[in-house]
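Structure in structure tokens, see below.
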Amino acid sequence: MMELRDVWAGYKVHGREHLVLRGVNASFWRGDAVGIMGRNGAGKSTLVKVLSGRLQPSRGKFLRDPEFRVSWPLGFGGAIHGSITGADNARFIARIYDRDPYEIEHQVEEFAELGHFMHQPVNTYSSGMRGRLAFALSMAIDFDCYLVDEAIAAGDARFQSRFRMAMEERRKRSTVIVVSHSTSILKDLCTSAAILHEGRLAFHEDLDEAIAIYERL
Amino acid sequence: MSASLRPDGSLGALREFMRAFRVQMRVIGALVLRELHTRFGRHHGGYVWLFFEPMMLAGCIAGLHAVIGHGMPGDMNVVGFYLTGYVPYYLFRGILNRSGGALHSNAPLFYHKQVTYLDVIIARNLLEIVAVLFAQLFLLYAVGVFNNQFPVNPAQIAVGVVLMGLFCHGISMMITSATVIGMEEVDRFIHPMTYLMIPLVGAFTMVWWFPSDFQQIMLLNPTIQLFEYIREGHFGPIVPYYYDLTYVISAVAITNVLGLLCLKAAGHKYPYLSDV
């Protein structure tokens, strides 16, 4: 599990600190499927960065079980390099996560269904293909917690259904945290929700109730 | 989160350190391979350019001087002199010029939390050092085939090139840190500076050519001493060489410690590079 205790975090612009998270408390357990809603600029990306371990909170504590592996933020467009091929990306990620490079490459090839594009530079991909590669990469490495951005849901209907099936299957043994400002994706993937508003996170057990509150904001 | 998971005592700390060390080695290895792909790719000659680039430039410069017929003081071979000057200078320029954009061009990597700024810089500079080292020795031996003057002490040349690389590595960490905290202007200065530095780094001059009070000032610069050291490795004791390895190694150590401190400060203050 992982826990945020009174976390304050943000970024610096021209030397001035701008804290977007102002005292966030949360804990995430195995099997949780939490949707985090918030308007543009509410601090969703900052929260994801804290959870992924990339950003140290300015104040407060981020505690994580050492055995609890959190994914990189999926669907942020990052994490893939454009000038090398999809296969190169797969092997690179396998290496840094200590997995067999060719086994992972094979898995990604099968899941992403990129055909011969797998051996072309990622720069030549369409955005849908990029999304498929990014998602296949994250599925190939086993995580205990998946941080998912709504952008991952880009892709054609066939991919969307595969994405949902894969997420459904993972949900039994992992935590899924979906960050979004649209509510339809959350309804599909999550069982509970939290609203990020004015730097704080409010949890709601009931998804529909949370969505109703969010829409009134 | 149970207490039994947490290693205790110095043995546990050592084990933890070894684990972290292995992760870092693995990441640097993966980054080197990736850097090879992104910089050279598989097409149009691919990795050959890694060695051919420095060779081509150094070979042309050395060849030009040989054709013009510049004689060197102390009967040093012209081609050997320019090869031992230009190739290490190529390393110096290569590392410093590319250090400004080092992290920005690799921003997507920092989505993976095990990849640190330091890993990326080490991987890039390691690749540069290995390539230049190979090019240096290869060129000196290749020229030796024609003029029958082979490196007297190749190990000394190798140590010199590696020390040059490590010195530049230290400085590159400072430059990179400056660009990370938003001082991109620094990068603009580096390019002209590396050219203006040509007479100052000692690539094409030797200390014994100058009057002795001037020598004292020259020897404050560790790169001048490194060129002397590399040339001694190539030519052997045919002319006087001036260097103090203790001084050079201290300078390398100091720039590296300062570079690491800068990087640490930059990394903690501005860990938002993945937005770029």
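For chain B, modelled as a Gaussian network with Cα springs under 10 Å, which listed residue fluctuates most, B:L14, B:L109, B:L83?
In the Gaussian network model the winner is B:L14.
If you count, for each residue, the other Cβ atoms within 10 Å and average over each peptide, how do B:136-144, B:30-38 line up from highest to lowest?
Sorting B:136-144, B:30-38 by mean packing, highest first, produces B:30-38, B:136-144.
When N is the residue count of the protein assembly as shown, what does its C-alpha Rg come to as a fraction of 2.2 N^0.38 Å?
That ratio works out to 1.17.
Mean residue ellipticity at 222 nm from the helices of chain B, using -39,500 (n - 2.57) per DSSP H segment of n ≥ 4 over the full residue count, to the nearest 500 deg cm²/dmol?
Working: 10 runs with 195 residues, N = 276.
Result for chain B: -24000 deg cm²/dmol, rounded to the nearest 500.
So, one more: Rounded to the nearest 0.05, what FRET efficiency is calculated for B:H191 and B:R39 with R0 set to 22 Å and r the Cβ-Cβ distance? Don't skip to the answer; put the middle values down first.
Numbers: r = 18 Å, r/R0 = 0.84.
It comes to 0.75.
From the phi of every residue in segment A:189-195, what ³J(HN,Hα) in whole Hz does the Karplus formula 6.51 cos²θ - 1.76 cosθ + 1.60 yield, where θ is phi - 60° and glycine or proline is x?
With coefficients 6.51, -1.76 and 1.60, one gets 9, 10, 10, 9, 8, 9, 10 Hz.
Moving on. Assuming R0 = 35 Å, what is the FRET efficiency of A:S184 and B:K113, from their Cβ-Cβ distance, to the nearest 0.05?
Computed FRET efficiency for A:S184 and B:K113: 0.70.
Another one. Taking the beta-carbon count within 10 Å as an exposure proxy, list A:Y146, B:Y243 from fewest neighbours to most.
On the way: A:Y146 24, B:Y243 20.
Ordered from fewest to most neighbouring Cβ atoms within 10 Å, A:Y146, B:Y243 come out as B:Y243, A:Y146.
Let me ask something else. What is the average number of partner chain Cβ atoms found within 10 Å of a Cβ in B:110-120?
Numbers: counts 4, 12, 11, 8, 5, 4, 0, 0, 0, 1, 0.
For this peptide, the per-residue mean of nearby foreign Cβ atoms is 4.
Here is a follow-up. Quickly work out the A:R59-to-B:E53 label distance, labels modelled 7 Å from Cα along the C-beta direction, and quote it in nm with one decimal.
4.8 nm
Still on this structure: Around A:L63, under 11 Å between beta carbons, what's the net of Lys plus Arg minus Asp minus Glu among the other residues?
Taking every other residue near A:L63 into account, the sum is +1.
With a length cut of 18 Å (Cα positions projected on each helix's long axis) and a Kyte-Doolittle mean of at least 1.0, go through chain B and give me the DSSP H helices that pass.
Length and hydropathy pass: B:48-68, B:117-147, B:154-180, B:245-269.
What does the charge count around A:H197 come to, taking other residues whose C-beta lies under 13 Å from its C-beta (Lys +1, Arg +1, Asp -1, Glu -1)?
Computed value for this residue: +3.
If you wrap a convex hull around the alpha carbons of segment B:47-275, what volume per residue comes out, as a whole number of Å³?
129 Å³
Taking the Cβ of B:G29 as the center, what net charge do the other residues with Cβ under 12 Å away carry, scoring Lys and Arg +1 and Asp and Glu -1?
Value of the local net charge: +2.
Just want to confirm a number: the relative contact order over segment A:32-186, from Cα pairs under 8 angstrom separated by 6+ residues, in percent.
Computed value for segment A:32-186: 35 percent relative contact order.
Note the count of lysine pairs whose C-alpha atoms are less than 28 angstrom apart in the protein assembly as shown, limited to pairs 8 or more residues apart or on different chains.
Counting lysine pairs in the protein assembly as shown gives 26.
Next question. If you scale each eigenvalue of the Cα gyration tensor by 5 and take the root, what three semi-axes come out for segment A:178-217, rounded to whole angstrom and sorted largest first?
Largest first, segment A:178-217 gives 15, 10, 10 Å.
Using r as the Cβ-Cβ distance of B:A13 and A:S126, and R0 as 56 Å, what FRET efficiency do you calculate, to the nearest 0.05?
Efficiency, from the Cβ-Cβ distance: 0.70.
How far apart, in nanometres, would the label points at A:H18 and B:T246 be if each is projected 7 angstrom from Cα along the Cα-to-Cβ direction?
Here the modelled spin labels are 5.4 nm apart.
Further question: Just from its helices, what would the mean residue ellipticity at 222 nm be for chain A, if runs of 4 or more DSSP H residues each count -39500 (n - 2.57) and the sum is divided by every residue, rounded to the nearest 500 deg cm²/dmol?
When only DSSP H runs of four or more count, the value is -11000 deg cm²/dmol.
Here is a follow-up. Quickly work out the B:A142-to-B:L260 label distance, labels modelled 7 Å from Cα along the C-beta direction, and quote it in nm with one decimal.
3.7 nm
The numbers here are math on the coordinates, done by the rules we state, and not lab data. Please read all numbers here as calculations on a predicted model, not as lab measurements. A quick note on method: Cβ atoms are made from the backbone with ideal geometry, for glycine too, and the neighbour counts reach across all protein chains shown.
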